Amino acid sequence: MSIAQNIEVIRSRIADAAACAGREPGEVLLVAASKTNPPEPIRQAIAAGVNACGENRVQEMVEKYNAGAYAGAPLHFIGHLQRNKVRQVVSLADLIQSADSAELIRLVNARAGALGITQDILLEINIAGEQSKSGIAPSEISSILDFAAACPQIRVRGLMAIPPVSTGEGSNRRYFSALYKLFIDIGAKKYDNVLMDFLSIGMSDDYTDAIMEGANMVRIGSAIFGARHYIQPEI
Ligand SMILES: *Cc1c(COP(=O)(O)O)cnc(C)c1O
């Protein structure tokens, strides 16, 4: 199947899941997780109407950006952001989905201030308390929100999470529903610079479950582009 056909199938599954969750299909944003893919398939995904492109690695994103890979679509950074790469990512990414510490938020705020812009971010939540993953522990969220509220050059737009690898249909629903509850609870409180617009959860194996539990942004790679071919080792 072509990339356009893959996206058509995904859109129709998104529409069905959204209907189950009582949402309009258009309320769920489809982010193409385009890591390891060269510019051409990314352009095809944009032509087929994905809402944004998401990249994990800074150098790869900068190279593909310079090659015009993302023209016509917003660009999201979705990988672990190292402190020394903040400079390159702020302003290039319309949304940094993976803000995972107060220190990172402080650096993003400072860089955005130097550029005279406001940088949109999501807070990455480590919902299952996995040691191997970055992300903010649920117990730390309120202090991070207090910190973010005092950073005028950033705007928190919601939450993102990468739950444990799905072990079958429905295995992650409890994490998704816990995230949805956080999303609603935080949205009910008033913090400066904090809007709970986006709940970014759900990948190729579990996006319909995520939407049924309340996600309105899904990040999909292999179901759009096919299996990944790593050209460099994971760092
Ligand atoms: C690669 C990636 C995805 C998409 O993964 P698939 O299983 O290929 O859909 C989503 N989110 C993040 C952060 C990723 O790195």
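The values are calculated or read from the model by the stated rules, or taken from the named source; none is laboratory data. Fair warning: this is a prediction, and the values are worked out from it, not measured in the lab. Methodologically, a virtual Cβ is constructed for each residue, glycine included, from the backbone with ideal geometry; neighbour enumeration extends over all protein chains shown.
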Query raised in the report: Of the residues that make up segment 76-83, is at least one among the aromatic types (Phe, Trp, Tyr), in contact (Cβ under 8 Å) with a residue 12 or more places away in the chain, closer than 26 Å to Ser142 by Cα and buried (at least 21 other Cβ atoms within 10 Å of the Cβ)?
Result: yes
**Report entry** Complete set of residues in segment 132-177 that are within 15 Å of the ligand (Cβ to nearest atom), among the hydroxyl-bearing types (Ser, Thr, Tyr) and either in contact (Cβ under 8 Å) with a residue 60 or more places away in the chain or more than 14 Å from Ala102 (Cα to Cα) (or both)
**Finding:** Ser132, Ser166, Thr167, Ser171, Tyr175
Query raised in the report: Does segment 84-105 contain at least one residue that is over 28 Å from Ala227 (Cβ atoms), at pLDDT 95 or above and touching a Cys at 6+ places or on another chain (Cβ under 7 Å)?
Result: yes
Requested in this report: Among residues belonging to segment 86-131 that are among the hydrophobic types (A, V, I, L, M, F, W, C) and free of Cβ contacts under 8 Å to residues at least 24 places away in the same chain, point out the one that is surrounded by the most Cβ atoms within 10 Å (Cβ to Cβ).
Outcome: Leu104
Report task. Sort out which residues of segment 174-196 are within 18 Å of Ala18 (Cβ to Cβ) and surrounded by fewer than 16 Cβ atoms within 10 Å (Cβ to Cβ), and write them in order of number. Result -> Ser177, Ile184
**Report entry** Check on Ala45, at pLDDT 95 or above and either away from the ligand (no atom under 14 Å from the Cβ) or of a type in the set (Val, Ile, Thr) (or both)
**Finding:** no
**Report entry** Counted residues, segment 17-37 - those being in contact with a strand residue (DSSP E or B) (Cβ under 7 Å, 6 or more places away or on another chain) and of a type in the set (Lys, Arg)
**Finding:** 1
Query raised in the report: Does segment 48-68 include one or more residues that are under 23 Å from Ile14 (Cβ atoms), modelled with pLDDT of 95 or more, crowded, with 18+ Cβ neighbours inside 10 Å and over 14 Å from the mean Cα position of the chain (by Cα)?
Result: yes
Query raised in the report: So Tyr180 fits all but one of (1) in contact with a strand residue (DSSP E or B) (Cβ under 7 Å, 6 or more places away or on another chain); (2) under 21 Å from Ile105 (Cα atoms); (3) free of Cβ contacts under 8 Å to residues at least 40 places away in the same chain; (4) in a helix (DSSP H, G or I); what number is the exception?
Result: (2)
**Report entry** Considering residues of segment 205-235 that are of a type outside the set (Lys, Arg), modelled with pLDDT of 95 or more and near the ligand (Cβ under 10 Å from one of its atoms) only, the residue nearest to Cys20 (Cα to Cα)
**Finding:** Tyr207
Query raised in the report: Quick one: how many residues across segment 112-132 are among the hydroxyl-bearing types (Ser, Thr, Tyr) and in a strand (DSSP E or B)?
Result: 0
Query - Hits in segment 190-204 - residues which are in contact (Cβ under 8 Å) with a residue 40 or more places away in the chain and either part of a loop (DSSP other than H, G, I, E, B) or within 10 Å of the chain's Cα centre (by Cα) (or both) - result: Tyr191, Asp192, Asn193, Phe198, Leu199, Ser200, Ile201, Met203
Query raised in the report: Name the pairs whose Cβ atoms lie under 9 Å apart, with the first residue in segment 49-60 and within 12 Å of the ligand (Cβ to nearest atom), the second aromatic (Phe, Trp, Tyr) and assigned to a strand (DSSP E or B), and 6 or more positions between them or separate chains?
Result: Gly54/Phe77; Glu55/Phe77; Asn56/Phe77
